[in-house]
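The values are calculated or read from the model by the stated rules, or taken from the named source; none is laboratory data. Computed from a predicted model, the values in this text were never measured in an experiment. Cβ sites come from the backbone with ideal geometry, for glycine too, and all protein chains shown count toward neighbours.
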Amino acid sequence: MIILCPGGGYSYLVVSKMAEIATWLNEHGISAAVLRYRTPHQREEAFRDAQRAIRIVRSRASEWNIDPTRIGILGASAGGHLAARTSTGVDNASDAGLDNLNDVRCKPDFTVLLYFISSLSGAF
């Protein structure tokens, strides 16, 4: 399972490119979903949203037929920053008191960081 974090400078979400990637991955047998994290300019809340997404997927892995040891995160631009921070951040209880998901590990098992180039013409 891969959680996809779109870019947008923490001001808005550019979901279109990530939706295309999610569709391609799903068509090739890899579960993928686009994370719609909080904006604008809410980096701490976005970080908690990413952690929570991983916790939710991991907690429901058997129900969704997903290997709980193979949950990753992919991001581009601001989403890449979010994916990197989620991958290297502390596995903390960021939603204390909300529910029992705080006991579920929120560190991804793998990370993919992307950079999109709008046009390659003339680049080589």
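Looking at PRO68, PRO6 in this structure, which one is at pLDDT 95 or above, surrounded by 18 or more Cβ atoms within 10 Å (Cβ to Cβ) and within 19 Å of THR111 (Cβ to Cβ)?
On the way: PRO68 fails: surrounded by 18 or more Cβ atoms within 10 Å (Cβ to Cβ).
When all the criteria are applied, what remains is PRO6.
Does the range 42-49 contain at least one residue that is within 15 Å of the chain's Cα centre (by Cα), assigned to a loop (DSSP other than H, G, I, E, B), crowded, with 22+ Cβ neighbours inside 10 Å and among the small types (Gly, Ala, Ser)? Lay out the reasoning, then the answer.
Restricting attention to the range 42-49, the residues satisfying the condition of being within 15 Å of the chain's Cα centre (by Cα) are 43-49.
Now restrict to residues that are assigned to a loop (DSSP other than H, G, I, E, B): none.
Within the range 42-49, not a single residue is within 15 Å of the chain's Cα centre (by Cα), assigned to a loop (DSSP other than H, G, I, E, B), crowded, with 22+ Cβ neighbours inside 10 Å and among the small types (Gly, Ala, Ser).
Please determine, by comparing only the residues of the range 16-34 that are free of Cβ contacts under 8 Å to residues at least 60 places away in the same chain, of a type in the set (A, V, I, L, M, F, W, C) and part of a helix (DSSP H, G or I), which one is surrounded by the most Cβ atoms within 10 Å (Cβ to Cβ).
It comes out as ALA22.
Kindly provide the set of residues from the range 73-124 that are surrounded by 10 or more Cβ atoms within 10 Å (Cβ to Cβ), at pLDDT below 85 and part of a helix (DSSP H, G or I), ordered by number.
The answer is ASN102, and nothing else.
Suppose we keep only residues that are closer than 13 Å to ALA83 by Cβ and among the aromatic types (Phe, Trp, Tyr) within the range 102-116. Which one would you say is farthest from the chain's Cα centre (by Cα)?
That would be TYR115.
For the range 11-46: of the residues being touching a helix residue (DSSP H, G or I) at 6+ places or on another chain (Cβ under 6 Å) and small (Gly, Ala, Ser), which is farthest from LEU114 (Cα to Cα)? Walk me through it before giving the result.
Our first condition is that a residue be touching a helix residue (DSSP H, G or I) at 6+ places or on another chain (Cβ under 6 Å); within the range 11-46, this holds for 32, 34-35, 37-38, 46.
Restricting the remaining residues to those that are small (Gly, Ala, Ser) gives 32, 46.
Values: ALA32: 16, ALA46: 18 Å.
Checked the range 11-46; the qualifying residue farthest from LEU114 (Cα to Cα) is ALA46.
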